[in-house]
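Input: a single structure, listed below in C-alpha cells.
Since every read-out is calculated from the coordinates, none of them should be taken as a lab result. This structure is a prediction, so every number in the text was calculated from the model and none was measured. Glycine also receives a Cβ, built like all others from the backbone with ideal geometry; neighbour counts cover every protein chain displayed.
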Amino acid sequence: MSEPQSALLLRKQLAELNKNPVEGFSAGLIDDNDIYRWEVLIIGPPDTLYEGGFFKCHLHFPKEYPLRPPKMKFVTEIWHPNIDKNGDVCISILHEPGDDKFGYEKASERWLPVHTVETILISVISMLADPNDESPANVDAAKEWRESYSEFKRKVARCVRKSQEEC
Amino acid sequence: MGNCFKRATTDDLSLLRGSDSIRETFSNQLGSSPYQEALTVQSISPVYNPSPSVTSLVTQLTEEEQVKIAKRIGLIQHLPTGTYDGSKKARECVICMAEFIVGDAVRYLPCMHTYHMRCIDDWLMRSLTCPSCMEPVDAALLTSYETN
C-alpha cells in the first residue's frame, strides 16, 4: 500500500498514452518523479485559427484526483476567450460540481471522476476550435472575437508564429 | 426495477452514526468501536466535504452542514450494494479504471451503472450524479420509490 489511488490512475493513463498516442496532443511529465504534474503539447487543430501552432500546457492534478479536477494552464502565450491572460484554462468540465453560484453551468457539464487526461484534452482542443463567449476568462479576447474578428485573428496568428519559434 | 434494500432504515438524526459503508470508507466513526482508543479517534477524525471544494473535519462542520451530510449519507445507504461475482456485463470500474475482481464490494446506481463501493461512495459524498450518465441519483431514487 505505497501509492495512493490517484497516482496509480495517473500512471496507468501515462502508460496508455505512451503506448497509444492520441491525435492532437502529446503528453508527459514535467518531472519524472512527480506523477501529479503533466506537460502536454497541443497541436493547433487543423482548420482553426490555431492551426500550425504548438501550445505547451501544464496540468496539475490534486491528490484527490479523480474526485477533484486538475488545473490546466497554457505555458505558451495564447489569445482565446476561455483562457485568461495568465494562461489558466476556464472550461466547465474542469469546475467542481456543487452549488453553482452563478447558474451558468449544469452539473452535467462539470467535473466527473471519469474524466482522463485524454477527455480533458479533447475538450480543450474543441474549445480552441469553438470558443464559448458566454463566460469568457479573457474578456478582451471575447470582445474582439465578437466585435472585431480581424483584430482577433491577427493576435492569434501572432501567438501561433511565436509558438513555432519557441518549439 | 429490483430492489435489494438489505439494511434497515434509520431516522435522519442517527444517520451520521449508522452508515456502514461510509464508516468503512473513512475507517473511523464516532462511537463506532467501543474498543478503539480515545486518542486514535481524536487524531483520525473523519473528513467530509460539505461542498465539493471544501474539506472539513467532522468537528469543524456547522450544524447545517452536518444535517446536509447526514441526509446524503442516508441517501447513499439506500442504494443497493453487492459483491462482484463475475457474471455482470460491467468489467471495469470507470472511476479507478481497474477491473472488477470477484469479491469486490460494488454499488448499483438507479441508472444501473456499477462501481466499486469505495470509489462511488467518495464521489457521491461530493456530487449525487452518476459519473457515467450524469443522472441525478437522488431524483432517480425517489422515482424508484414511487413506482414500487
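Report the relative contact order of the range A:5-166, percent, no decimals, based on alpha-carbon pairs under 8 angstrom and at least 6 residues apart. Kindly include the intermediate steps, with their values, before the conclusion.
Details: 263 pairs, mean separation 35.5, N = 162.
Computed over the range A:5-166, the figure is 22 percent.
Mean residue ellipticity at 222 nm from the helices of chain A, using -39,500 (n - 2.57) per DSSP H segment of n ≥ 4 over the full residue count, to the nearest 500 deg cm²/dmol? Can you show the working numbers first?
Details: 4 runs with 55 residues, N = 167.
When only DSSP H runs of four or more count, the value is -10500 deg cm²/dmol.
Give a quick list of trypsin sites (Lys or Arg not before Pro) in the range B:91-148 that DSSP marks as loop, anything other than H, G, I, E or B, with at most 10 other Cβ atoms within 10 Å.
Values: sites: B:Arg91, B:Arg107, B:Arg118, B:Arg126; in loops: B:Arg91, B:Arg126.
In loop regions of the range B:91-148 (DSSP not H, G, I, E or B), the sparsely surrounded trypsin sites (Lys or Arg not before Pro) are B:Arg91.
Would you mind finding the longest exposed-site-free stretch of chain A, with exposed GluC sites (Glu not before Pro) meaning DSSP loop and at most 10 other Cβ atoms within 10 Å?
Details: sites that count: A:Glu23, A:Glu134.
That would be A:24-133.
Please list, short to long, the whole-number percent of alpha-carbon pairs of the range A:1-54 in consecutive 5 angstrom bins beginning at zero.
Answer for the range A:1-54: a P(r) of 4, 18, 22, 20, 14, 10, 7, 3, 1, 0 percent.
Tell me, what is a quarter of the convex hull surface for the C-alpha atoms of the range B:80-148, in nm² with one decimal? Intermediate results must be reported in sequence, preceding the final value.
On the way: hull surface 18.3 nm².
Result: 4.6 nm².
Among the lysines, which have Cα under 25 Å from the Cα of B:Lys88 when same-chain residues fewer than 8 positions away are ignored?
A:Lys12, B:Lys6
Would you mind checking the pairs A:Lys19/B:Lys89; A:Lys71/B:Lys68; A:Lys73/A:Lys143; A:Lys85/A:Lys143; A:Lys56/A:Lys153 and listing those with alpha carbons more than 18 angstrom apart?
Details: A:Lys19/B:Lys89 27 Å; A:Lys71/B:Lys68 28 Å; A:Lys73/A:Lys143 22 Å; A:Lys85/A:Lys143 14 Å; A:Lys56/A:Lys153 20 Å.
Pairs exceeding the cut-off: A:Lys19/B:Lys89; A:Lys71/B:Lys68; A:Lys73/A:Lys143; A:Lys56/A:Lys153.
Skipping prolines and chain starts, which residues have an amide H placed within reach, meaning under 5 Å, of the one on A:Asp88, given they are 5 or more residues away or on another chain?
Residues meeting the criterion, in which the H sits 1.01 Å from N, are A:Phe74.
Of A:Lys143, A:Lys56, A:Lys19, which is the most mobile in a GNM of chain A whose springs link Cα atoms less than 10 angstrom apart?
So, out of A:Lys143, A:Lys56, A:Lys19, the one fluctuating most is A:Lys19.
How large is the direction-averaged shadow of the alpha-carbon convex hull of the range A:5-166, in nm²?
Numbers: hull surface 39.0 nm².
Reported value for the Cα convex hull: 9.7 nm².
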